[in-house]
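Values quoted throughout were computed directly from the atomic coordinates according to the rules given, and no laboratory measurement underlies them. Nothing here was measured: the structure is a model prediction, and the numbers come from that model. Here the Cβ positions follow ideal geometry from the backbone for every residue, glycine too, while neighbour counts run over all protein chains shown.
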Amino acid sequence: MLSTKERLNADVTVRTKALVGAKPILSKRRVDILLAIAVTAIIAVTALFLLFPVVVTVLMAFDARDYIGPFPPTELSTRWFGKLLEDAYIWAGFRTSLLLAIATTAAAAAMGALAALAISWMSPRWRDFVTTMFLSPLVLPGVIIGFGLLMFFAAFNQVPVFLKLFAGHLIITLPFTIRMTLVGLAGISQTLREAALSLGANERQVFFTVTLPLAKNGIAAGAIFAFAASMDDLTISLFMSDFQTYTLPLALTTLIKSSFDLTIAAAAVALMGLTIVLLIVLDSVLGLERAMGHGTNRIR
Amino acid sequence: MTAARSKLMLLLPAVAVFVLFLVFPILMVLNESFHTFEPGRIGSVEGGPLTLANYEELFQPVYAQYFAQTYVLAICSSAISIIFAFPIAYCIARTEFAWIQKASISAIVGLMFLSSLVRVYALELTFGSVGVLAPLMSIMDINTNSRLYINFVILAGLLQYSIPMSILILIGAIKNLNPRLTEAALSLGASALAAHITVTIPLSIRGIVSAFLVSMTLGVSAFVIPLILGRGRILFISNLIYSRFSEIANYPSGAAISIVMMVLALLLILVMSRLATSLERA
């Protein structure tokens, strides 16, 4: 005597067999094995494709030879890093880039935080519209922003190059600070604000004692994105710079196009170090996953 | 009333920056694109008659070639990156080990944060004509100076951006799916392949479309990648605009190309987001 459950099971088995047929089960398993092999291959090829150039650059930066020889290097040395330290052209670019990134980050973080705060108080329809407008520099081709700014500044006499660079970088970094502050603010429950208000705090006190402390991680994450974007920008800086004031990416581009010197590889390794530091800071202030869920549109 | 006004005041600095450094400049580009170019002069003649000549010029086959070059490579890189990113994103999103997930996401985010110049230089050092793979290429009888090869290297450059980006977007999309749905298909006798094709992929179509869109936007506005990896022989639209400004100072022509490029980029976003919405409803 079969129990109801067993009968049901038998029934399901019969139906499944009828549905799938007896023979395809073998080929089904084969298909799945093929799929597993294909997925493993895809992961391996992609990892190799993405990481191999980075590994090549790191190893070549420690190459002891005078020329770009066969890979991997036969002898290692730190001579290219020594040359990097003495390279006045790269250092001048680095100094401009660093000053510019710090100035841009501070201004963009402050303006972005204020704007995001105002946006978070809007009705959903306005909020979406204004946010889209502010994020537009992420999807506009950088060349167009650069070209427009060039023509804009040409209308004035003698604008200092640093100021032009600052204006351009502000436009491309504000989207990051606004968006990340909004992410930070979204985590704050409205009830907290209302609780503070009902306990007798005024708007100002609520802002400084409730909203700001809770939003500061979002603002910090935005600042990190802004700093990275500013340090990385080439397109807009290319239109704004002159031969005296230039950024690090510009200096590196000139060198890449004109020489096969491995000093550039050493500079690239130094920049990788900077990236790792920024990532660690980002992970500790907001968590990588949360930050990237809302910051993936890094469009240049 | 004063409270509402003070709230709007907070927007003022950001709005001022946007109007001054983004809206004004783009309007100036638009204005410039309707002026005539006078050789030997930087910028257009002020107060001259308005003309559409700069736009008409773009219908010549030479220009179509630049646009085709840019769009074909951008579409290729977007399609390839979806095909490669989807299985990887699925594995990362559904792995049982938290540390594998954390490590792979950190590595991918690290790649995306890496300076674009570092990545382009790394590719040049690896695949360039004097790069470390050059001996291997000559053994395989591949000419590293041919146009086709340069196209491949540029494609590799675009993929270095679009694959990590697509993986991150798709991880988000797949995590939002209920894993039970795919499991149900499997328990009902579907093969893993069939289950993914009929269940997982249709349900994450919005993520797939947005990953494709972001890769496309990156590809069509790419500047640094073709600038260095193209070795001056292959130009994208961005590079063409830059050369109009830097080499022959033909601002009106550069402005007209900029406007066309911008309109195309915005149209792409509009069409793709419509597509995503309609696919999701279907």
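Using only helices, what value at 222 nm comes out for chain B when you add -39,500 (n - 2.57) per DSSP H run of length 4 or more and divide by the total residues, to the nearest 500 deg cm²/dmol?
Rounded to the nearest 500, it is -23500 deg cm²/dmol.
Quick check: pseudo-label points 7 Å beyond the Cα along Cα→Cβ at A:A201 and A:F129, how many nm apart are they?
Distance between the two pseudo-spin positions: 3.2 nm.
Could you run the Karplus curve 6.51 cos²θ - 1.76 cosθ + 1.60 with θ = phi - 60° over region B:247-258 and give me ³J(HN,Hα) per residue in whole Hz, x for Gly and Pro?
Result, ordered by residue: 9, 10, 6, 8, 4, x, 5, x, 5, 5, 4, 4 Hz.
For the residue pair B:F152 and A:A92, what label-to-label distance in nm results when each label sits 7 Å from Cα along the Cα-to-beta-carbon direction?
That separation, rounded to one decimal, is 4.0 nm.
More than 22 angstrom separation, counting every C-alpha pair in region A:81-198; what % is that?
That fraction is 51 percent.
If I build a Gaussian network model for chain B, linking alpha-carbon pairs within less than 10 angstrom, which residue out of B:L159, B:L73, B:L111 has the largest mean-square fluctuation?
Among B:L159, B:L73, B:L111, the largest mean-square fluctuation in the Gaussian network model of chain B belongs to B:L111.
Could you tell me the calculated FRET efficiency between B:A249 and B:V23, based on Cβ-Cβ distance and R0 = 30 angstrom, to the nearest 0.05?
In this case the efficiency is close to 0.75.
Stokes-Einstein D for region A:82-293 at 4 °C, 1.567 mPa s, Kirkwood Rh over Cα pairs, in µm²/s?
Once the numbers are plugged in, D ends up at 69 µm²/s.
Given H placed 1.01 Å from N in the peptide plane, which residues other than close sequence neighbours of A:D63 have an amide H under 5 Å from its amide H?
When sequence neighbours closer than 5 places are left aside, the close amide H contacts are A:S77.
Helices from chain A with mean Kyte-Doolittle at least 0.0 and a Cα length along the axis of 20 Å or more, per DSSP H: which?
A:24-61, A:88-120, A:161-186, A:212-232, A:263-285
Mind checking which aspartates and glutamates have their Cα closer than 19 Å to the Cα of A:K83? Skip sequence neighbours fewer than 8 apart in that chain.
Straight-line reach from A:K83, under 19 Å: A:D63, A:D66, A:E75, A:D261.
Nearest 500 deg cm²/dmol is fine: what mean residue ellipticity at 222 nm does chain A get from its DSSP H runs of n ≥ 4 alone, each adding -39,500 (n - 2.57), divided by its residue count?
Calculated mean residue ellipticity at 222 nm is -25000 deg cm²/dmol.
Using the Kirkwood radius over Cα pairs, work out the Stokes-Einstein diffusion coefficient for the protein assembly as shown at 4 °C and 1.567 mPa s, in µm²/s as a whole number.
49 µm²/s
With 17 Å as the cut-off, how large is the P(r) tail for region B:108-250, expressed as percent of Cα-Cα pairs?
69 percent
In degrees from 0 to 90, rounded to the nearest 10, what is the angle of the helix B:2-18 Cα long axis to the longest principal axis of chain B?
For B:2-18 against chain B, the angle is about 70 degrees.
Helix B:116-127 versus the longest principal axis of chain B: what angle, 0 to 90°, nearest 10, using Cα atoms?
80 degrees
For region A:220-300, what class follows from the C-alpha gyration tensor (a ≥ b ≥ c being the square roots of its eigenvalues): rounded when a/c is under 1.5, otherwise prolate if a/b is larger than b/c, else oblate?
In terms of gyration-tensor shape, prolate.
Please sort by residue number the GluC sites (Glu not before Pro) in region B:26-128 whose DSSP state is loop and whose Cβ has at most 13 other Cβ atoms within 10 Å.
Answer in residue order: B:E46, B:E96.
Determine the shielding of peptide B:140-152 by partner chains: average, over its residues, the number of Cβ atoms on other chains within 10 angstrom of each Cβ.
Average per residue, whole number: 0.
If you stretched the chain out fully between B:A64 and B:L193, how much longer would it get, using 0.36 nm times the residue separation minus the C-alpha to C-alpha distance?
42.4 nm
In Å, what Rg and Dmax follow from the Cα atoms of region A:133-239?
18.3, 55
Does anything in region B:177-202 have its amide N under 19 Å from the 7 Å Cα→Cβ label point of A:R30, and if so which residues?
Under cut-off, by backbone N: B:190-195.
Compute the acute angle (0 to 90°) between the alpha-carbon long axis of helix B:237-246 and the principal axis of greatest extent of the alpha-carbon atoms of chain B; round to the nearest 10°.
It works out to around 30 degrees.
Can you bin chain B into rounded, prolate or oblate? Criterion: square roots of the alpha carbon gyration tensor eigenvalues sorted a ≥ b ≥ c, rounded for a/c under 1.5, prolate for a/b above b/c, oblate for the rest.
Judged from the Cα gyration tensor, chain B comes out oblate (a/c at least 1.5, b/c at or above a/b).
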